[in-house]
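A.B. asks: Take a look at this one; I'll ask things after.
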Amino acid sequence: MTILKDIMTRDLTTVSGSATLREVAQKMKAEDIGNVLILDGDKLTGIITDRDIVIRAVADGEDTSAAVGQFATGDVFTMHCHTDVKEAARAMADRQLRRLPVTDHQSGELIGIVSLADLSTRTSGGADEKALEGISQP
């Protein structure tokens, strides 16, 4: 059984909710990533994607010095690190998630993230297909 801990990315890029859209976009560019996690201290408070920046901010003419927390998705769904990847893929499909933050099963601390690409390249058994099928639904 493959669990999230086996496939997650541990090197997380995080900012506070007061970081600006420009700062976050620059981080995304420099690190060649599509999302940044937003923390208040050690607590996960949101996630922002490159698409969020474009659709929720740039398209509406927002200033790039605006705080990223205004445009992030809050109340982020997470799963603990010992969750089976098939269960995680089902949850991602049901919630139409492309990224899943992973927490420690005991402390609840944020320790990683799993993307749809991780399911595709680091697992076998069609977990990625299940997740993609749900994500692709309108």
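The values are calculated or read from the model by the stated rules, or taken from the named source; none is laboratory data. Just so you know, these numbers come straight off a predicted model, no measurement behind them. With ideal geometry, Cβ positions are generated from the backbone for all residues, glycine too; neighbour counts draw on all protein chains shown. Keep in mind that these areas ignore ligands, DNA and RNA; they rest on the heavy atoms of the full protein, side chains included. Shrake-Rupley method; radii C 1.70, N 1.55, O 1.52, S 1.80 Å.
A.B. asks: Ignoring the sites themselves, what is the longest stretch of the chain with no GluC sites (Glu not before Pro) in a DSSP loop and at most 16 other beta-carbon atoms within 10 Å? Walk me through the numbers before you get to the answer.
C.D. replies: Details: sites that count: 62, 109.
Longest stretch, sites excluded: 1-61.
A.B. asks: If you don't mind, another one. Solvent-accessible area per residue for the chain at a 1.4 Å probe radius, Å²? Before the final figure, lay out the partial values.
C.D. replies: Values: 7830 Å² over 138 residues.
Roughly 57 Å² per residue, with all protein chains present.
A.B. asks: So what J values fall out for the range 101-116 if you push phi through Karplus, 6.51 cos²θ - 1.76 cosθ + 1.60 with θ = phi - 60°, rounded to Hz, Gly and Pro as x?
C.D. replies: Listing the rounded values in order: x, 10, 10, 5, 5, 9, 8, x, 5, 5, 10, x, 8, 10, 10, 4 Hz.
A.B. asks: While we're looking at this one, here's another question. Net charge near residue 13: determine it from the other residues with C-beta under 11 Å of the C-beta of residue 13, scoring Lys and Arg +1 and Asp and Glu -1.
C.D. replies: With Lys, Arg at +1 and Asp, Glu at -1, the net is -2.
A.B. asks: Continuing with this model, one more query. Which three extents, in angstrom, do the Cα atoms of the chain have along their principal axes, listed largest first?
C.D. replies: Principal-axis extents of the chain (Cα, largest first): 46, 35, 26 Å.
A.B. asks: May I ask you to compute the full-extension gain from residue 58 to residue 78, defined as 0.36 nm times their residue separation minus their alpha-carbon distance, rounded to one decimal in nm?
C.D. replies: Values: separation 20, 0.36 × 20 = 7.20 nm, distance 2.75 nm.
Gain on stretching residue 58 to residue 78: 4.4 nm.
A.B. asks: Which whole-number percent is the relative contact order of the range 6-45 (Cα, under 8 Å, 6+ apart)? Working shown, then result.
C.D. replies: On the way: 29 pairs, mean separation 17.8, N = 40.
So the answer I get is 44 percent.
A.B. asks: How high is the FRET efficiency between residue 40 and residue 1 when r is their beta carbon distance and R₀ equals 41 Å, given to the nearest 0.05? Kindly include the intermediate steps, with their values, before the conclusion.
C.D. replies: On the way: r = 34 Å, r/R0 = 0.82.
Efficiency, rounded to the nearest 0.05: 0.75.
A.B. asks: Give me the percent relative contact order of the range 28-68, please, defined on Cα pairs under 8 angstrom at least 6 residues apart.
C.D. replies: Relative contact order of the range 28-68: 26 percent.
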